[in-house]
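Okay, so here's the structure we're looking at.
The values are calculated or read from the model by the stated rules, or taken from the named source; none is laboratory data. Fair warning: this is a prediction, and the values are worked out from it, not measured in the lab. Heads up, the Cβs are rebuilt from the backbone with ideal geometry, glycines too, and the neighbour counts pull from every protein chain shown. Side chains included, ligands, DNA and RNA excluded: accessible areas come from the protein's heavy atoms. Shrake-Rupley method; radii C 1.70, N 1.55, O 1.52, S 1.80 Å.
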Amino acid sequence: MKDEIVIAEACGGQVRIHAACTTALCEKARSLHHCLATSAAALGRVMTVTAIMASDLKGDEEKITSVINGHGPIGTVLAQGKGNGEVRGFVSDPSIYLVREDGHLAVGQAVGTNGTLTVIKDLGLKEPFSGIVRLRSGEIGEDYAYYFAISEQTPSVVSVGVLVEPEGNVSSAGGMIFQLLPGAKEEAIEKCEQVAKVLPPMTTLISDGNTPEDIIKTYFEDAVILDHRDVKWNCPCSKEHYRDAMSTIACKDLDEMIAEGKPIEIVCEYCGTKYTFSCEELKEIRDLACGK
């Protein structure tokens with residue numbers, strides 16, 4: 001099944017629905033960061049919800065960044081999604097493997113609850129919009145539902161899951177968000193409550209071969225499909241990007257790097273690509289930046 005996000009409305013336009021399959025996206029992130037199961041699940045959940053949120057952006061280069069840090073052993077989980085469907089992300093500690101007594105991955109314990117979820121929307125304006133809420137459970141879905149309720153005043157149900165096999169690979173991943181729009185009537189509220197009670201885990205639905213559109217139509221019989229959006233991993237980092245970043249370093253610090261007589265290696269935190277700058281390249285950056 002290909003990765004995609006399907007957008008729909010139901011209950012006569014009173015409910016907005018997004019459903020996503022992100023299996024390949026989450027497996028790519030797991031592989032790049034060499035994640036153990038709990039780290040892979042946490043990162044995949046955050047990337048999935050961020051991808052869904054970004055699917056509503058109008059411009060290809062507009063982007064949403066989600067940052068979660070509950071001061072648990074996993075550290076920071078960060079994901080960035082763009083309007084064109086490209087997503088990337090990383091987790092501070094990819095080596096976390098924690099399991100609850102019931103055998104499920106202990107994502108909440110790994111993430112922790114003594115921290116925040118921050119969502120930054122960069123729409124190409126002067127100042128990005130930023131919303132921040134305290135974490136509720138660290139399990140990701142509940143935390144985003146709380147964010148939507150508090151920061152965007154939108155009652156929402158957020159179901160998201162990542163299934164990691166014993167061999168370590170992600171075999172299914174996806175998410176579903178349905179939201180009550182302003183002015184929603186009692187029957188729409190009751191419908192959402194009913195679906196929330198009976199909706200199986202997203203990983204179960206996707207493992208059983210259901211597409212995002214199948215899932216929407218199964219639980220919202222009157223749903224009208226509005227759009228299909230592709231979603232995929234992509235990190236647009238480049239040596240030129242890091243060259244520009246290094247040109248902002250203080251001139252005295254650049255001089256110290258050059259004086260050491262050793263090349264500098266920079267590793268992209270999103271994808272792990274390594275970029276090396278020789279002493280001659282450092283001198284060129286210093287000369288341009290410092291007017292020498």
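Okay, here's what the table says:
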{"item": "Scattering curve values for region 1-131, log₁₀ I(q)/I(0), Debye with Cα scatterers, q = 0.11, 0.21 Å⁻¹", "result": "-0.42, -1.21"}
{"item": "For region 199-292, alpha-carbon Rg relative to the globular expectation (2.2 N^0.38 Å, N residues)", "result": "1.97"}
{"item": "Value at 222 nm in deg cm²/dmol, rounded to 500, when DSSP H runs of n ≥ 4 in the chain each add -39,500 (n - 2.57)", "result": "-10000 deg cm²/dmol"}
{"item": "Within the accessible area of the chain (1.4 Å probe), percent carbon and sulfur", "result": "50 percent"}
{"item": "Dimensions (Å) - region 72-141, Cα atoms, principal axes, largest first", "result": "47, 25, 19"}
{"item": "Given charges at Cβ of Lys, Arg, Asp, Glu: region 1-100 dipole, positive-most of Cys21, Ile64, Thr76", "result": "Thr76"}
{"item": "Calculated P(r) tail over 15 Å for region 150-231, as whole % of Cα pairs", "result": "64 percent"}
{"item": "Cross-link pairs Lys2/Lys28; Lys126/Lys252; Lys63/Lys126; Lys126/Lys232; Lys262/Lys283; Lys28/Lys82 - those with Cα-Cα distance over 19 Å", "result": "Lys126/Lys252; Lys126/Lys232"}
